[in-house]
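**Student:** Just dropping this structure here.
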Amino acid sequence: MQFSIFYRALIGLISAFLVAPIVVVVAVSFSDSGRFQFPPRSLSLRWFEAFFQSDLFVHAFLVSLLVATVVAVAAALIGALVAIGLIRFAPHRFAFVETIFLAPVVVPGVLLGAALLLFYLHSSIRGTLLALLIGHLVIAIPYSLQTMIAGLAGLGIALEEAAMSLGATPFQAFCKVTLPLIRSSVVAAAVLAFVISFSDVNLAIFLTGPTTVTLPMVIFTDVLQLGEPTVAAASTIQILLIAVLLVVAQRSIRLRISQR
């Protein structure tokens, strides 16, 4: 009994420690004060109004949303194809290829951003959305690949072979048998890639151009300059969007588990 109480208290303290910064940011975004004040003395939506009236914040938000959406789709697709290829057709090269794809994870984000900047230094795509997309794909694919590998673990080809024995083509067997079974993994991989891209600032410092500034980059710059709490409202919108996507992914995974 005492151990149970201690365990719950420890979990509560750790949860509070993790959630506290988010609570502070959200609270400040609803403050009526022109300063970063916590706890707020009065509540207001003025900073959310300022966010949507700011061309800089709105443009940065749309850029981040576009880039993150494309990265989510591309990373999930590439991760799924590579995972299937490794597990089905090249299991003897699994460890080697997996190590290569995990390389961007072990490299500090600032160094990776600097390396990509040097790579694009004399390129025509420097400072464009394409350069930012490629950079975000580099850091998102390792996570989507691991998610897809976990989803494919223990999933053999017996069901596909059974479908093909009944007249289905290999492509039809994959689409109608395997794909529904790994759908939750695909959704989770896409959401994870979206979150990584949408919240990245390390690569954005080096890869963004005058017209491709992302929302995390604007937030980072505004915080350094100690601007108005509009940045807190921007962060709250970012947190809300990511939270909604995580809930959708979690429910999708639970739905697939309950259907098995």
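**Student:** For Ser33, indicate whether it is open to solvent by less than 60 Å² (accessible area, probe 1.4 Å), among the hydroxyl-bearing types (Ser, Thr, Tyr) and part of a helix (DSSP H, G or I).
**Tutor:** Spelling it out, it is not the case that Ser33 is open to solvent by less than 60 Å² (accessible area, probe 1.4 Å), among the hydroxyl-bearing types (Ser, Thr, Tyr) and part of a helix (DSSP H, G or I).
**Student:** Of the residues that sit in the range 143-160 and are surrounded by 13 or more Cβ atoms within 10 Å (Cβ to Cβ) and modelled with pLDDT under 75, which one is farthest from Ala80 (Cα to Cα)?
**Tutor:** By that ranking, first place goes to Leu159.
Matching residues to (1) crowded, with 22+ Cβ neighbours inside 10 Å; (2) polar (S, T, N, Q):
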{"residue": "Arg183", "(1), (2)": "no, no"}
{"residue": "Ala204", "(1), (2)": "yes, no"}
{"residue": "Thr211", "(1), (2)": "no, yes"}
{"residue": "Thr214", "(1), (2)": "yes, yes"}
{"residue": "Val218", "(1), (2)": "yes, no"}
{"residue": "Thr221", "(1), (2)": "no, yes"}
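**Student:** Sticking with this one: Right, Phe51: out of contact with any Leu (no Cβ under 9 Å at 6 or more places or on another chain), modelled with pLDDT under 80 and assigned to a helix (DSSP H, G or I) or not?
**Tutor:** no
One line per residue, one yes/no per condition, for (1) without any contact (Cβ under 8 Å) to a residue 24 or more places away in the chain; (2) touching a strand residue (DSSP E or B) at 6+ places or on another chain (Cβ under 9 Å):
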site: Ile5; (1), (2): yes, no
site: Ser33; (1), (2): no, no
site: Ser42; (1), (2): yes, yes
site: Leu65; (1), (2): no, no
site: Gly79; (1), (2): no, no
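**Student:** Also, I was wondering about something else. With respect to Ala72, is the statement that it is surrounded by 16 or more Cβ atoms within 10 Å (Cβ to Cβ) and either touching a residue at least 24 places away in the same chain (Cβ under 8 Å) or on the phi > 0 side of the Ramachandran plot (or both) true?
**Tutor:** yes
**Student:** Among the listed residues Phe96, Phe61, identify the single one that is assigned to a helix (DSSP H, G or I) and either open to solvent by less than 70 Å² (accessible area, probe 1.4 Å) or modelled with pLDDT of 85 or more (or both).
**Tutor:** Being assigned to a helix (DSSP H, G or I) and either open to solvent by less than 70 Å² (accessible area, probe 1.4 Å) or modelled with pLDDT of 85 or more (or both) holds for just one of Phe96, Phe61, which is Phe61.
The values are calculated or read from the model by the stated rules, or taken from the named source; none is laboratory data. Computed from a prediction, not measured in an experiment: that's the story for all the values here. As a convention, Cβ positions derive from the backbone with ideal geometry for all residues, glycine included, and neighbour counts pool all protein chains shown. Quick note on the areas: whole protein, heavy atoms, side chains included, nothing else; ligands and nucleic acids left out. Shrake-Rupley method; radii C 1.70, N 1.55, O 1.52, S 1.80 Å.
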